[in-house]
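Here's the structure we're looking at; comments come further down.
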């Protein structure tokens with residue numbers, strides 16, 4: 001399964017950040033921290049979004065209600081391997097949102113398909129942490145503005 005906003009993004013074979021840019025690997029905010037998403041998060045990630053499908057579909061930035069769709073833990077792991085590969089190749093950056101060791105959401109930073117934006121960002125949190133939706137979106141927007149090389153980010157109207 002592609003990242004949720006894949007239908008909006010340009011396909012990228014080359015990095016979309018400069019070669020000399022040091023990609024941040026952590027962000028800590030009120031009630032959460034981000035770290036690169038990988039297969040080590042599989043069971044916790046799967047549980048997070050499978051338990052919150054309706055909430056995620058109602059989150060701004062997920063406009064058509066087609067994602068997430070139920071899938072097996074094995075298929076989810078393959079998705080996480082692909083996200084980790086995108087991160088390593090610098091063509092997209094997906095972060096697990098954690099509260100302690102619990103996965104409570106994800107942040108996706110990928111190229112925008114719109115010529116007037118450098119990057120597109122989406123985020124979600126599990127229903128049990130719905131109060132963090134706007135907080136996470138705001139913290140990520142400030143982080144992108146402060147620490148990333150983008151000048152025009154499409155956040156699907158989240159901030």
Quiz prompt | Degrees between helix 133-147 axis and first principal axis of the chain (Cα, 0 to 90, nearest 10) | solution = 20 degrees
Quiz item: Once label points are set 7 Å from the Cα along Cα→Cβ at both residue 43 and residue 89, what is their separation, rounded to one decimal in nm?
Solution: 3.0 nm
Quiz item: Given only helices, namely DSSP H runs of n ≥ 4 each adding -39500 (n - 2.57), what is the per-residue ellipticity at 222 nm of the chain, to the nearest 500 deg cm²/dmol?
Solution: -9000 deg cm²/dmol
Exercise. Using the number of other C-beta atoms within 10 angstrom as an exposure proxy, rank 143, 49, 124 with the fewest first.
Key: 143, 49, 124
Practice problem: Give me 140, 97 ranked fewest to most by other Cβ atoms within 10 Å of their Cβ, as a rough exposure proxy. | Solution: 140, 97
Quiz item: What full-extension length gain, to one decimal in nm, is calculated for residue 135 and residue 78 as 0.36 nm per residue of separation minus the Cα-Cα distance?
Solution: 17.6 nm
Quiz item: Under the definition of Cα pairs under 8 Å and six or more residues apart, what whole-number percent is the relative contact order of the stretch 6-154?
Solution: 28 percent
Exercise. Over all directions, average the projected area of the Cα convex hull of the chain and note it in nm².
Key: 8.4 nm²
Quiz item: If you find the alpha carbon centre of the stretch 108-128 and of the stretch 57-84, how far apart are they in angstrom?
Solution: 14 Å
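A short reminder: the numbers here are calculations on the coordinates, not readings from a lab. None of these values were measured; they are calculated from a predicted model. Every residue, glycine as well, gets a Cβ built from its backbone with ideal geometry; the counts of neighbours run over all protein chains shown.
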